Amino acid sequence: MGEEIIKKSQVVVIGAGPAGLCAAIEARKAGATVLVLDENDRPGGQLFKQIHKFFGSGKHWAGLRGFRIGENLLKEAGQLGVKILLNAEVYGIFDDMTVGYIRNGVEKAIKGERIIIATGGIENALPFPGGTLPGVMGAGGVQTMVNIHRVLPGKKILMVGSGNVGVIVSYQLMQAGAEVVGIVEAAGRVRAYEVHLNKIKRAGVPIYTSHVVKEAIGKDEVEGAIIARVDDNLNIIEGSEKHLDVDCLCIAVGLNPQIELPYIAGCKFSYIPERGGYIPVFDENMETSVKGIYVAGDVAGIEEASIAMEEGRLAGIACAGSLGLYDKETEEKLKKEVKKILRAMRTKHDSRIIHSLTGIPSNDRFEKGPVAVIECKEEIPCNPCESACVFGAIKVGEPITNPPVLFEEKCTGCGRCIPKCPGMAIFLIHKNYTDKTSLIKFPYEYLPVPEKGGLVSCVNRNGEIISRGRIIDIKASKKDDGTKIIAMEIPKEYFNDVRGIQIRGDGI
Amino acid sequence: MSHEKNVCICRCEEVTEGEILRAIEEGARTVKGIKIRTQATMGLCQGRTCRRLIVNILSKHVDINDISKLEIGIRVPVRTIKIKNFIYDEGKGYE
Amino acid sequence: MRVNYHPILGKDERKKLVKIVVDGREMMAVKGEPIAAALLANGIRKLRKTRKKGEYRGVFCGIGRCTDCAMIVDEIPNIRTCITPVKEGMQIITQEGLGKWERK
């Protein structure tokens, strides 16, 4: 370890992403000395390239864009005096809990009484012919280039993989002005949450389920792609090939935990394919099989950022407790709160009969005046719509994975819930706006923004143009953070079909 | 997974799926076994991209549940860093 | 293909530019951005040629993991351009194989 005297910190956190920052914040709150090491030149992990609004609990910054959550976490960490060392590449964990890292070309080491590994995940590669051509990129890299460095990797993009990452990055590519030529998914159904998928469908992006990329074409870089249909065993069906004119393929086929450090540290592992593969075994405190070494976030199994943050909190509290910085009672109380949130976020009621109450108003209610239409029926851990409604017309309750229910008689048609839904799944519909027309208000996050008074092409849920509409109003409030609310007059017969406008369409 | 045997698995050392399957035919049953036969995982990135793919291919031939039996080849340093960072010079300190 | 206007992130306000030289060709880059981003913005996606098969490679992971974007930067080969910021006057060369390193 060289000649240098090894420095010490009660808690050393590796990785300044959502899990690492939350862990550091909690350990510091208890009074521990905390050092966070991160190899990047900016903290926040993957949060700063997440420009969409996050699902989650209203209490925990749900409805905020990922980078805003990152800003909040950094502010909190800074106020508490958490020390974050950037450009610090951790290359190993050694005996006696020493963490070795390289910074500015110099080898350094720090000893932690507790170590929290929060190194996140790494993207899965997908082998296919032509898969090494320039122009084939991972979704994470694409997101970094587009949302942080503001450069598009191509003009016409094929997304490979229909998980949440695939559909979210597709949406973000369109926001940045690229064309998403299609989404290819080997499985027979789309994997992402329906509300994320619906945004893409409204934009008219073709979804090719039971399809794979047979080949990326191009001499020296991507000039096209051939996709093909597959059978249930994922074998290509001869003759089903289709050529797509694309200049970039974006690969979004899942992540796996970055386990190098827990592996080096001697942690035991289990193999859980649905969580990304090999995962260090950890207990209810997030402590691994090696005493004093904890894991949190995607390295402990691939889940969502909101869960990573809670796991980080749990690890931070547990570390502080084991260092004697909390009395047993306080520690247990704090851990119980986090565990309750974690449990709620992971709750699914697969076998339960979902109640018949929904977010969709009755026919009678549509006749009576403007009303919210909540097209969200999946079990997502998310509830900002509930707190957005000051009239108590929207109920999610507990667990947080309940789909929202609309109490239509309480809904005043104010529309405050529209920009609050991270899934952009709430619309306001005034069926009897005039004798012949209805008014629909919907969220909009593309450029260019249509002009007030202008005529536009209206699309249905599948992105098909079904009518013409007139833009009545556009609301752009600072607190909606970029989400515009468009009010549009449409022929009454389409009140239940129109859900948006053609992006970069003729009328704009 | 892939549909042609000459598809690239290890991007750094340019090792194809066919070469990895041949290594398994020759008796490779671990990541190390494949590495010493094909050079897969030995490039600049040190297996960060292909290790998982190789384990997936191996899974059709061996039980992969126990990571400790796969000689998976993760070792220090786990980051792409320069050897010169480890050289200590009496006069100048670390290079 | 820069994203100058964005519905959420707003107008790109970064104004400071630096000059880089890529295979002898001068071009402009935004100060502080990674080399690979600057090259993409200038329409360059082929960053290196592989050692065995002589195939072109470009940015793949974009976060410093895969090393596919390695180039020769200021005479040092195997520099991961996706995580190395541009500097004024930087000399960047398409890397062939493992690249050449002139030891001084």
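Every number in this text was worked out from the coordinates using simple rules, so none of it is lab data. Please read these numbers as outputs of a predicted model, since none were measured by experiment. For neighbour counting, all protein chains shown are included, and Cβ atoms are generated from backbone atoms with ideal geometry for every residue, glycine included.
Helix-only estimate, please: 222 nm mean residue ellipticity of chain A, summing -39500 (n - 2.57) across DSSP H runs of length 4 or more and dividing by its residues, to the nearest 500. Intermediate values should be presented prior to the final figure.
Values: 10 runs with 106 residues, N = 508.
Roughly -6000 deg cm²/dmol at 222 nm, from the helical runs in chain A.
Please list, in order along region A:78-91, the HN-Hα scalar couplings obtained from phi with the Karplus expression 6.51 cos²θ - 1.76 cosθ + 1.60 (θ = phi - 60°), rounded to whole Hz, x for Gly and Pro.
Each residue of region A:78-91 in turn: x, 4, 7, x, 6, 8, 10, 9, 8, 6, 10, 8, 6, 10 Hz.
I'd like the trypsin sites (Lys or Arg not before Pro) in region A:269-326 restricted to DSSP loop residues with at most 15 other Cβ atoms within 10 Å, sorted by number.
Values: sites: A:R275, A:K291, A:R313; in loops: A:K291.
Loop-located and lightly packed - A:K291.
Label point 7 Å out from A:K111 along Cα-to-Cβ: which residues of region A:74-101 have amide N under 14 Å?
A:94-100
Rank-order A:32-38, A:470-476, A:118-124 by packing density, defined as the average count of other C-beta atoms within 10 Å over each peptide's residues, highest first. Before the final figure, lay out the partial values.
On the way: A:32-38: 24.0, A:470-476: 15.7, A:118-124: 25.6.
The most tightly packed comes first, giving A:118-124, A:32-38, A:470-476.
Lys/Arg Cβ at +1, Asp/Glu Cβ at -1, dipole of region A:190-347 taken about the Cα centre: which of A:A315, A:G239, A:C250 is farthest positive-ward?
A:A315
Each residue of region A:94-103 in order: what ³J(HN,Hα) in whole Hz does its phi give by Karplus 6.51 cos²θ - 1.76 cosθ + 1.60, θ = phi - 60°, with x for Gly and Pro?
Listing the rounded values in order: 10, 4, 6, 6, 9, 9, x, 8, 10, 9 Hz.
Mind checking which of C:L17, A:S210, A:F48 is farthest towards the positive end of the protein assembly as shown's charge dipole, using Cβ charges of +1 (Lys, Arg) and -1 (Asp, Glu) about the Cα centre?
Positive-end residue among those listed: C:L17.
For labels at A:K377 and A:E329 in the simple 7 Å Cα→Cβ model, what's the distance in nm?
5.0
Tell me what chain B gives for mean residue ellipticity at 222 nm when only DSSP H runs of n ≥ 4 count, each as -39,500 (n - 2.57), the sum divided by the residue total, rounded to 500 deg cm²/dmol.
On the way: 3 runs with 25 residues, N = 95.
Value at 222 nm, helices only: -7000 deg cm²/dmol.
Could you give the length gained on full extension between A:D245 and A:Y271, defined as 0.36 nm per residue of separation minus the Cα-Cα distance, in nm?
On the way: separation 26, 0.36 × 26 = 9.36 nm, distance 3.91 nm.
Residue separation times 0.36 nm, minus the Cα-Cα distance, leaves 5.4 nm.
Where the only charges are on Cβ atoms (+1 Lys, Arg; -1 Asp, Glu), what is the dipole of region A:211-320 about its Cα centre, to the nearest 20 debye?
Working: 8 positive and 20 negative charges, 85 e Å.
Magnitude of the dipole: close to 400 debye.
Treating only the Cβ atoms of Lys and Arg (+1) and Asp and Glu (-1) as charged, compute the dipole magnitude of region B:8-94 about its Cα centre; round to the nearest 20 debye. Mind showing how you got there, number by number?
Values: 16 positive and 11 negative charges, 58 e Å.
With Lys and Arg at +1 and Asp and Glu at -1, about 280 debye.
By count of other Cβ within 10 Å, fewest leading, how are B:T38, B:T30, A:T434 ordered? Spell out each step's value before the answer.
Details: B:T38 21, B:T30 18, A:T434 10.
Lowest count first: A:T434, B:T30, B:T38.
Taking Cα centroids, how far is region A:222-255 from region A:159-214 in Å?
13
Taking H as built 1.01 Å from N, whose amide H comes closer than 5 Å to the amide H of A:Y91, not counting residues under 5 places away?
A:G100, A:Y101, A:I102
For each of A:C250, A:C267, count neighbouring Cβ atoms within 10 Å of the residue's Cβ, then give the residues from fewest to most.
On the way: A:C250 30, A:C267 22.
The order, fewest Cβ neighbours first, is A:C267, A:C250.
How big, on average over all directions, is the shadow cast by the Cα convex hull of the protein assembly as shown, in nm²? Display every interim value, and only then the final one.
On the way: hull surface 130.2 nm².
The orientation-averaged projected area of the Cα hull of the protein assembly as shown comes to 32.6 nm².
Calculate one ³J(HN,Hα) per residue across region B:23-35 by plugging θ = phi - 60° into the Karplus curve 6.51 cos²θ - 1.76 cosθ + 1.60, and present them in order as whole Hz with x for glycine and proline.
Residue by residue, region B:23-35 yields 4, 5, 4, 6, x, 5, 10, 9, 4, 4, x, 6, 4 Hz.
Given R₀ = 41 Å, what would the calculated FRET efficiency be for C:R51 paired with C:Y5, taking r from the Cβ atoms and rounding to 0.05? Let's see the in-between values first.
Details: r = 41 Å, r/R0 = 1.01.
For C:R51 and C:Y5, the calculated efficiency is 0.50.
For a quick check, take a GNM of chain C with Cα springs below 10 Å and name the residue from C:I35, C:I44, C:I93 with the largest mean-square fluctuation.
Evaluated over chain C, the most mobile residue of the options is C:I44.
When chain C is treated as a GNM, springs tying every alpha-carbon pair under 10 Å, which of C:R14, C:R57, C:R45 comes out with the largest mean-square fluctuation?
So, out of C:R14, C:R57, C:R45, the one fluctuating most is C:R14.
What value, in deg cm²/dmol to 500, does the helix sum -39500 (n - 2.57) over DSSP H runs of n ≥ 4 give at 222 nm once divided by the residues of chain C? Mind dumping the intermediate values first?
Values: 1 runs with 7 residues, N = 104.
That comes out to -1500 deg cm²/dmol.
Give me the one-decimal nm value for the distance between modelled label points at C:E88 and A:N432, 7 Å along each residue's Cα-to-Cβ direction.
Those two pseudo-labels are separated by 7.1 nm.
What residues have an amide H closer than 5 Å to that of C:G32, excluding those fewer than 5 places away on the same chain, when H is modeled at 1.01 Å from N in the peptide plane?
Answer set, sorted by chain and number: C:V86.
At a Förster distance of 35 Å, what's the computed FRET efficiency of B:I83 paired with B:K5, Cβ-Cβ distance as r, to 0.05?
Working: r = 36 Å, r/R0 = 1.03.
Step by step, r from the Cβ atoms, then E = 0.45.
I'd like the trypsin sites (Lys or Arg not before Pro) in region B:8-95 restricted to DSSP loop residues with at most 11 other Cβ atoms within 10 Å, sorted by number. Before the final figure, lay out each step's value.
Values: sites: B:R11, B:R22, B:R29, B:K32, B:K35, B:R37, B:R48, B:R51, B:R52, B:K60, B:K69, B:R75, B:R79, B:K82, B:K84, B:K92; in loops: B:R11, B:R29, B:R48, B:K60, B:R75, B:R79, B:K82, B:K92.
Those satisfying the criteria are B:K60, B:R75, B:K92.
Kindly state, to the nearest 0.05, the FRET efficiency for A:N72 paired with B:L44, given R0 = 45 Å and r defined as their beta-carbon distance.
Numbers: r = 37 Å, r/R0 = 0.82.
In this case the efficiency is close to 0.75.
Determine which residues of region A:464-508 fall in the zone a paramagnetic label at A:L455 would reach in this model, i.e. backbone nitrogen under 13 Å from the point 7 Å along Cα→Cβ.
Only A:467-471, A:491, A:506-508 pass the distance filter.
Roughly how crowded by other chains is peptide B:5-12, in terms of the mean Cβ count from those chains within 10 Å of each of its Cβ atoms?
The mean count of partner-chain Cβ atoms within 10 Å per residue comes to 5.
Which of B:H61, A:H60, A:H196, A:H211 has the fewest other C-beta atoms within 10 Å, and how do the rest follow up to the most? Before the final figure, lay out the partial values.
Numbers: B:H61 12, A:H60 17, A:H196 26, A:H211 23.
Taking fewest neighbouring Cβ atoms as first place, the list is B:H61, A:H60, A:H211, A:H196.
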